[in-house]
Amino acid sequence: TPLVSRFLMGSARSDKEAVSPAGDIDYSTVLLGMLVMQDVQLGLFIAVMPTLIQAGASTSSSIVMEALRILFLIGQILFSLAAVFLLCLIIKTYLIGPYYRKLHVESRGSKEILILGVSAFIFLMLTVTELLDVSMELGCFLAGALVSSQGHMVTEEIMAYIEPIRDFLAIIFFASIGLHVFPTFVIYELTVLVFLTLSVVVMKFVLAVLVLSLILPRSSQYIKWIVSAGLAQVSEFSFVLGSRARRAGIISREVYLLILSVTTLSLLLAPVLWKAAITKCVPRPERRSSL
């Protein structure tokens, strides 16, 4: 998501003259919506991971007892998710509005108070979700959703303050990815990694094109190539999911290094795909006038 967001900012600056025709769907809206849904699924995958670990560690010889145990674990996850979303509903209805208004009043002339207040709310949500055996990543996402529910003006004010912090943390995140890539492993398995990377990117691109061909209106079919190019790379959050699975013992070290390398190579291909899609598929005014 942060990578594609940068692409969208750059293309918006360079393609201001290429405004979509009336009735067309903005490709940035479709792309960001799908990427956000991927991020939500990350939290759900991590929430299910303890169940996978416990289910795999079973020593029961009875199929009935094993099925009951798995149903109990699934019920436990659903109960935790329901508790989290009920808590979010209560916070949205009764707490977040007064809390933000108090922060806004107290932070006049001092943006640090607003930053600390919002950060404290985020840490509170991730702590609550972690205590309920739901991933802290989902807690952070829900905290952002609750803050944004207060309106566009609130979101813009907070984003203006915390954007430098977000960019700095994004730099640290991507730099840490580079520290986990072993050059010797990449060189030794280069043929396999290139084949897997191209297979994953092509498969994701083709599947996205096929799905978007079915759901997009006829007048906006051209954006399927742009959106598919933005979805073709492997999400950077696969590093988070892979590291959790590695620490939990679900995958081996070799598989983790394979996931890490393929994801990194697919991210390196992302700017090339995006540039090609924007160059070929964004309708220019002179191209539209000739249609």
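The values are calculated or read from the model by the stated rules, or taken from the named source; none is laboratory data. Since we're looking at a predicted model, the values are computed, not measured. Glycine also receives a Cβ, built like all others from the backbone with ideal geometry; neighbour counts cover every protein chain displayed. Just the protein is used for accessible areas: all its heavy atoms, side chains included, with ligands, DNA and RNA removed. Shrake-Rupley method; radii C 1.70, N 1.55, O 1.52, S 1.80 Å.
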ask   = Out of Glu254, Glu236, Glu130, any idea which swings most in a Gaussian network model of the chain, alpha carbons joined below 10 Å?
value = Glu254
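Note the full-extension length gain between Ala276 and Lys111 as 0.36 nm times their separation in residues minus their Cα-Cα distance, in nm to one decimal. Show your work: numbers first, answer last.
Numbers: separation 165, 0.36 × 165 = 59.40 nm, distance 4.11 nm.
So the chain would gain 55.3 nm between Ala276 and Lys111.
Helix by helix through the chain, keep the DSSP H runs that span 27 Å or more along the axis on Cα and average at least 1.0 on Kyte-Doolittle, and give those back in order. Provide the component values of the computation, followed by the final result.
Numbers: long enough: 27-56 (42 Å, 1.35); 63-90 (40 Å, 2.39); 111-131 (30 Å, 1.75); 152-180 (39 Å, 0.92); 190-215 (37 Å, 2.73); 253-281 (40 Å, 1.26).
What comes out of the filter, once short or polar helices are dropped, is 27-56, 63-90, 111-131, 190-215, 253-281.
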query = For region 58-180, with every protein chain kept in place, what is the accessible area per residue (1.4 Å probe, Å²)?
reply = 65 Å²
request  = Using amide H atoms built 1.01 Å from N in the peptide plane, name the residues 5+ places from Ile251, or on other chains, whose amide H lies under 5 Å from its own.
outcome  = Arg246
request  = If a/c stays under 1.5 just call it rounded; otherwise compare a/b with b/c (prolate if a/b is bigger, oblate if not). Do that for region 143-265, with a ≥ b ≥ c from the square roots of the Cα gyration tensor eigenvalues.
outcome  = oblate
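Quick one: if the Förster radius is 35 Å, what FRET efficiency do Leu198 and Thr29 give, using the C-beta to C-beta distance and rounding to 0.05?
On the way: r = 29 Å, r/R0 = 0.83.
E(calc), rounded to 0.05, equals 0.75.
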note = Using a 1.4 Å probe on heavy atoms of the protein chains only, the accessible area for Leu198 in Å², nearest 10, reads 90 Å²
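According to the square roots a ≥ b ≥ c of the eigenvalues of the Cα gyration tensor, what is the shape class of the chain, taking rounded for a/c under 1.5, prolate for a/b larger than b/c otherwise, and oblate for the remainder? Intermediate results must be reported in sequence, preceding the final value.
Values: a/c = 1.65, a/b = 1.10, b/c = 1.50.
Because a/c hits 1.5 or more and a/b fails to exceed b/c, the chain counts as oblate.
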query = Taking springs between alpha-carbon atoms closer than 10 angstrom, which of Phe168, Phe121, Phe141 fluctuates most in the Gaussian network model of the chain?
reply = Phe168
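Ranked by accessible surface with a 1.4 Å probe, highest first, in what order do Ile46, Ile187, Ile90, Ile162 come?
Numbers: Ile46 10, Ile187 130, Ile90 80, Ile162 45 Å².
Sorted by accessible area, descending: Ile187, Ile90, Ile162, Ile46.
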note = For His180, His152, the accessible-area ranking with a 1.4 Å probe, largest leading, is His152, His180
ask   = Tell me, what is the 1.4 Å probe accessible area of Glu112, in Å² to the nearest 10?
value = 100 Å²
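Keeping every protein chain in place, order Trp274, Trp225 by accessible area at 1.4 Å, biggest value first, i.e. largest first. Mind showing how you got there, number by number?
Values: Trp274 15, Trp225 105 Å².
Descending order: Trp225, Trp274.
Roughly speaking, to the nearest percent, how much of the chain's 1.4 Å accessible area is carbon and sulfur?
Details: 12540 of 17200 Å².
On the chain, the fraction of accessible area on carbon and sulfur atoms equals 73 percent.
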ask   = How would you classify region 58-180 from its alpha-carbon gyration tensor, with a ≥ b ≥ c the square roots of the eigenvalues: rounded for a/c under 1.5, else prolate if a/b is greater than b/c, otherwise oblate?
value = oblate
task = For the chain, set up a Gaussian network in which alpha carbons nearer than 10 Å are linked by springs, and say which option among Leu193, Leu126, Leu71 fluctuates the most.
result = Leu71
query = Asp167 accessible area, nearest 10 Å², 1.4 Å probe?
reply = 50 Å²
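For the chain, what is the relative contact order in percent, using Cα pairs closer than 8 Å and at least 6 residues apart in sequence? Mind showing how you got there, number by number?
Values: 220 pairs, mean separation 68.2, N = 291.
The value is 23 percent.
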